1. In this structure, is Ile297 surrounded by fewer than 22 Cβ atoms within 10 Å (Cβ to Cβ), touching a residue at least 24 places away in the same chain (Cβ under 8 Å) and touching a helix residue (DSSP H, G or I) at 6+ places or on another chain (Cβ under 6 Å)?
2. Are there any pairs, at least 6 apart or on different chains, whose C-beta atoms fall under 7 Å, with the first in the range 269-294 and β-branched (Val, Ile, Thr) and the second in a loop (DSSP other than H, G, I, E, B), and if so, which?
3. Tally time: how many residues in the range 195-244 are at pLDDT below 95 and part of a helix (DSSP H, G or I)?
4. Could you check how many residues of the range 214-231 are open to solvent by less than 40 Å² (accessible area, probe 1.4 Å) and within 15 Å of Ile197 (Cα to Cα)?
5. Please indicate, with yes or no, whether at least one residue in the range 156-170 is part of a helix (DSSP H, G or I) and open to solvent by less than 20 Å² (accessible area, probe 1.4 Å).
6. Quick check on the range 77-85. Is at least one of its residues within 21 Å of the chain's Cα centre (by Cα) and open to solvent by less than 10 Å² (accessible area, probe 1.4 Å)?
7. Where residues in the range 115-155 are assigned to a loop (DSSP other than H, G, I, E, B) and among the polar types (S, T, N, Q), which of them is farthest from Ser83 (Cα to Cα)?
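The values are calculated or read from the model by the stated rules, or taken from the named source; none is laboratory data. All values derive from a computational prediction rather than experimental measurement. With ideal geometry, Cβ positions are generated from the backbone for all residues, glycine too; neighbour counts draw on all protein chains shown. For accessibility, only protein heavy atoms count, side chains too; no ligands or nucleic acids. Shrake-Rupley method; radii C 1.70, N 1.55, O 1.52, S 1.80 Å.
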Amino acid sequence: MSIFIKTAAAALLAIVLTPASAQQITTYNGPCDASAAVALDATHFIVGDDEHNTLHVYRQGQPAPVAALNLANFLGTAADEESDIEGAAAIGSRIYWITSHGRNSKGKARPARQRFFATEVVPGQPPTVKPVGQAYANLLRDMLTAETLKPYRLDEAARRPPEADGGLNIEGLAVTADGKLLIGLRNPLPQQRALIIPLDNPGDVITGQPARFGEPFELDLGKRGIRSIERIGTGYLIVAGPTGDQGSFALFRWSGRRDDMPTLVAGIDLRDLRPEALFAIGGNRVQLLSDDGGFVIGGIACKKLPAASQTFRSLTITP
């Protein structure tokens, strides 16, 4: 992800409770670039990031990860290749994960970033996950040939850098009421609207069968793309953000119905966070994780620090 500037003082924040909004921020050790996450139980959650091919399990409020799973062999990538994990969604005990499916920042093709895969939750203390099925590498090909997606010219988008105007960048994944998935795109923005693509057969895809896509949605998020999307109750919460590095983030509520436009969630102060993961943690609470790869500490961006010094921040809210 692109580098952005934050203050060293903010980097020292561990737990802060803002009286006006009762929004709690917690700092966790591990990857800086938290970009996908799912709750495993009432007290644990699992995180994927866009710089490594390892999933980390955390206990709520405990800074250090309690378990980790390296997926490089399962994903079929070299040790130094990043798959750019960007979205996650749980259907029962199965968690589906999706990577960006985009090129690198210079527009060079990166096949390792084209993966759709799944894990199964393994109960325990702590709970963890194990890979299931196979890592599917042809989702982009299926998207480019799908008739319902032809009007969006994704073949052209896929040839551009992911943050360029009209580039291709997947960052969101959410479950539907009937057990399908919604793929949320950060970029492109057709008619300045965020694009959501229904994936109708996720279970088949991880067995190697081609993906089938439903009729896409176009959502007005204030000229922002989708950074994360999560089903909450009978609707969805969406983290919206810029297609590139510059721009604002906001939280929207959406019914999931085609004729309904999202509405801005008022009273949520995201401050300098760059939220890229969103998941429910029980009751009416949700947790947002910030991609802090560019968080500057002592003049050094987080992703450039030694692994032992890297952190990301979590914001717990009741929208």
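1. yes
2. Val286/Pro319
3. 0
4. Within the range 214-231, residues that are open to solvent by less than 40 Å² (accessible area, probe 1.4 Å) and within 15 Å of Ile197 (Cα to Cα) number 10.
5. Yes: one or more hits.
6. yes
7. Among those residues, the one meeting the criterion is Gln125.
Conditions (1) farther than 16 Å from Asp33 by Cα; (2) part of a strand (DSSP E or B); (3) open to solvent by less than 40 Å² (accessible area, probe 1.4 Å), marked per residue:
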{"site": "Gly283", "(1), (2), (3)": "yes, no, no"}
{"site": "Leu288", "(1), (2), (3)": "no, yes, yes"}
{"site": "Gly293", "(1), (2), (3)": "no, no, yes"}
{"site": "Lys303", "(1), (2), (3)": "no, no, no"}
{"site": "Ala308", "(1), (2), (3)": "no, no, no"}
{"site": "Arg313", "(1), (2), (3)": "no, yes, yes"}
{"site": "Thr316", "(1), (2), (3)": "yes, yes, yes"}
{"site": "Pro319", "(1), (2), (3)": "yes, no, no"}
